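Worksheet: one structure, shown below.
Coordinate-derived values only; no laboratory data. This structure is a prediction, so every number in the text was calculated from the model and none was measured. Please note: Cβ atoms are built from the backbone with ideal geometry, for glycine as well, and neighbour counts cover all protein chains shown.
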Amino acid sequence: MITGYRDCTRALTDVETFSSEDLQELFIRAFGGVTMEALDTTRHHQMRGVWSRFFQRDALRSQRELVEEVVAAQVDPFVERVRAGETVDAIPNMTRAIPTLVIARMLGIDETMHRQFSAWSDAMGSTQAGTYDPSPEGMAVVQRGRDATAALNGYMAQSIKDRRAHGGGDDLISMMVHDEFADQMSEQEIIASNTQLVFAGNETTAKLMATTLASLAQHPEQLRMLVADRALIPRAIEEIHRWQTLVQVLPRRVKSNDARIEGIPIPNGAELKVLIGAGNRDPLRWEHPERLDITRVPRQHLGFGFGMHVCLGLNLARLEMQIWLDRLLDRLPEFHLAEEVKYTGGLGLRGPEEVQIAV
Ligand code: HEM
């Protein structure tokens, strides 16, 4: 396990020594096939290249209206209930649906499927926690995850066939199906890549929203500062993500006979746990890293990974987060937690179980 910020960045940059590709079976189990995340070669760049332009910050400006529309439809009814005096769990009643609806629209998928998408994605996300639990309950969690991957694979296979038969528009599935590189991808890789996109752009962003609400409610003075100065929103989101990192650990496999970290030899074939959650609290990089401080001078953190596999959707996640938080603070400048927050999800994708909000 490595925990320092610099060691984490070095390991994530050196893909020849610390490989994702050698963990392919992990990704195949999760998504039903090889995706960009399971490749360390030129093939990774080619596969990532199919969608990378779409996810660039400037290109995403054209998606702003779509995100605003989705956010408004979820935030406003939630705020109405809270202002009327109800205590409302923000996860099922606001944050959970936002990223699912956004990615479903971008993939050109029937929006009425969004609850099913969330359910599949949640089941897939629980698998990692279940992997370390040998009890019948743990095994059932893993089985549910596998069934969800198979179901989502089946749905994607059909959508891909439809796009081939009917041309298709400017959605992300069509973009991959009609890309030149698709000829060099197997059917299973195309299906798995689209499945991964649903998963990656889904529970992650919803959990960061829930974490943000909980963190601000626990720091009312910083919430007030943010309400008064919205220019602080991007910084606040990054600081909360640093402080309460969602993806705590990234696995890599050593594929070299002379791998070393801080002079310590690591055997060939060993699995390395890159603890980016720990790297994000490295006192050599951040003063008092255990404190949440939205006024910190921004420095890159590891919450979206680092190096070749750095998150493809980070600009989209940031856009969704910023639009959501701005609208929420406009309508609900003061709120508190009606119950203490319990974090779940293990090291794979950590987040609050419930966020009970009241005024
Ligand atoms: C707050 C939200 C998000 C978090 C915390 C997050 C986190 C991460 C992390 C840590 C990685 C690196 C994985 C590794 O090194 O093995 C990653 C990769 C990836 N993410 Fe995200 N992600 C988020 C949102 C999204 C969204 C919205 C999308 C797309 C719609 C997305 C798509 C991907 C993809 C495709 C990869 C693989 C990139 C590659 O291997 O080149 N993510 N993400």
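Worth a mention:
- Here the stretch 170-254 was treated as a single set of alpha-carbon atoms; its pair distances binned every 10 Å from 0 give 14, 30, 22, 22, 10, 1 percent.
- Per-pair calculated FRET efficiency, R0 = 22 Å: Glu25 and His45 via Cβ, rounded to 0.05: 0.50
- Taking every lysine pair in the chain that is 8 or more places apart or spans two chains, those with Cα atoms closer than 26 Å amount to 4.
- Take every Cα pair under 8 Å whose residues are at least 6 apart in sequence, average their separation, divide by the length of the chain, and the relative contact order is 28 percent.
- Here the scattering of the stretch 1-153 is modelled by Debye summation over its C-alpha atoms, one equal scatterer each and no solvent; at q = 0.11, 0.13 Å⁻¹ the log10 of I(q)/I(0) is -0.66, -0.91.
- Of Ile266, Ile233, Ile28, the residue with the greatest mean-square motion in the GNM of the chain, using alpha carbon springs below 10 Å, is Ile266.
- Total formal charge among the other residues, if their Cβ is under 10 angstrom from that of Gly277, Lys/Arg +1 and Asp/Glu -1: +3
- Phi to ³J(HN,Hα) by Karplus 6.51 cos²θ - 1.76 cosθ + 1.60 over the stretch 326-331, Hz, x for Gly, Pro: 4, 5, 5, 5, 4, 9
- Magnitude of the charge dipole, the chain, Cβ model with Lys/Arg +1 and Asp/Glu -1, debye to 20: 480
- Scattering curve values for the stretch 3-65, log₁₀ I(q)/I(0), Debye with Cα scatterers, q = 0.29, 0.30 Å⁻¹: -1.08, -1.11
- The convex hull built on the alpha-carbon positions of the stretch 5-358 has an orientation-averaged projected area of 18.3 nm².
- Remark: the stretch 139-211 projects, on average over all directions, an area of 6.3 nm² (convex hull of Cα atoms).
- Residue ranges 79-85, 8-14, 56-62 sort as 8-14, 79-85, 56-62 when ordered by packing (mean number of other C-beta atoms within 10 Å per residue, highest first).
- A Förster radius of 35 Å combined with the Cβ-Cβ distance from Gln158 to Asp326 puts the calculated FRET efficiency at roughly 0.40.
- Under-5 Å amide H pairs with Ser19, H placed in peptide plane, nonlocal only: Arg253, Val254, Lys255
- The value for the stretch 212-313 of Rg(Cα) / (2.2 N^0.38 Å) is 1.32.
- Take the Cβ atoms of Thr87 and Gln116, set R0 to 30 Å, and the FRET efficiency comes out at 0.60.
- Spin-label model, Thr295 to Glu271: label points 7 Å out along the Cα-to-beta-carbon direction sit 4.4 nm apart.
- Neighbour-count ranking [beta-carbon atoms within 10 angstrom, fewest first] of Ser52, Ser126: Ser52, Ser126
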